[in-house]
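As structure tokens, the structure follows; a few thoughts come after it.
The values are calculated or read from the model by the stated rules, or taken from the named source; none is laboratory data. Because the structure is predicted, anything quoted here is derived from the model rather than measured. Glycine gets a Cβ as well: all are built from the backbone with ideal geometry, and neighbour counts include every protein chain shown.
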Amino acid sequence: MNQISKKLALFFALSIFSVLSLSAQKYVTDITEVHFFSSTPVEDIEAVNSDLIGAIDSETNEFAFRIPIKSFVFEKALMQEHFNENYMESDKYPNGSFKGKIEGDYDLTEDGIYALEAVGSLDIHGVSQEVSLPATIVVENGFPTIQCTFKVALVDHKIKVPKIVFYNIAENIEVKVNAGLRMK
């Protein structure tokens, strides 16, 4: 991440804390990986992003996450260019975000596997959708990690695919999130 991106990330992280309550049970993302996969009979496309930032308040169950779209890395530079310029319009819509509440019981200080629902507003390409996503928090040796796998329908976020490559890109993209958490 360049210096400007780091400053924006810090600003966003501070903004998250102003949105969340002032309790002492705040956790921020540590090591993250967001992976997306598009599979069609013509072509598989995948990308990885490790610049997800976010926070969870385990007292209020509120959360907020943001991911810079341009940070997705593809195997082929041309795919990355097309992704940012033609589909995601990353200059116009630089970030994706998800904020809301966690539903279900969990304890980020107690080793275990906790099946939950993350309910809130998923904003991609400037379009917000209310969603309920299955998530798992795994706490192992005192280190919590949140994991979530879900599908994003391109049409739900007004992401247009040119007819010339319509068969190369799936209508529903699989997204996998794996984010370590640490107490703030």
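Which count do you get for residues in the range 26-35 that are of a type in the set (A, V, I, L, M, F, W, C) and surrounded by fewer than 20 Cβ atoms within 10 Å (Cβ to Cβ)?
In the first step, residues of the range 26-35 are kept if they are of a type in the set (A, V, I, L, M, F, W, C); the result is 28, 31, 34.
With the extra rule that they be surrounded by fewer than 20 Cβ atoms within 10 Å (Cβ to Cβ), the set shrinks to 28, 31.
So the answer is 2.
Note on the range 34-73: among residues that are among the aliphatic types (A, V, I, L, M) and not in a strand (DSSP E or B), the one that is nearest to ALA170 (Cα to Cα) is VAL42.
When each of VAL127, VAL119 is tested for being under 20 Å from GLU59 (Cβ atoms), free of Cβ contacts under 8 Å to residues at least 40 places away in the same chain and either surrounded by 15 or more Cβ atoms within 10 Å (Cβ to Cβ) or aliphatic (A, V, I, L, M) (or both), the lone residue that passes is VAL119. Step by step: first the residues of the range 39-72, then only those that are over 26 Å from ILE137 (Cβ atoms) and either at pLDDT 95 or above or not hydroxyl-bearing (Ser, Thr, Tyr) (or both), then the one that is surrounded by the fewest Cβ atoms within 10 Å (Cβ to Cβ). Which residue is that? My answer is PRO41. Taking the conditions exactly as written (in a strand (DSSP E or B), acidic (Asp, Glu) and surrounded by fewer than 18 Cβ atoms within 10 Å (Cβ to Cβ)), does GLU110 satisfy them or not? For GLU110, the condition - in a strand (DSSP E or B), acidic (Asp, Glu) and surrounded by fewer than 18 Cβ atoms within 10 Å (Cβ to Cβ) - is not met.
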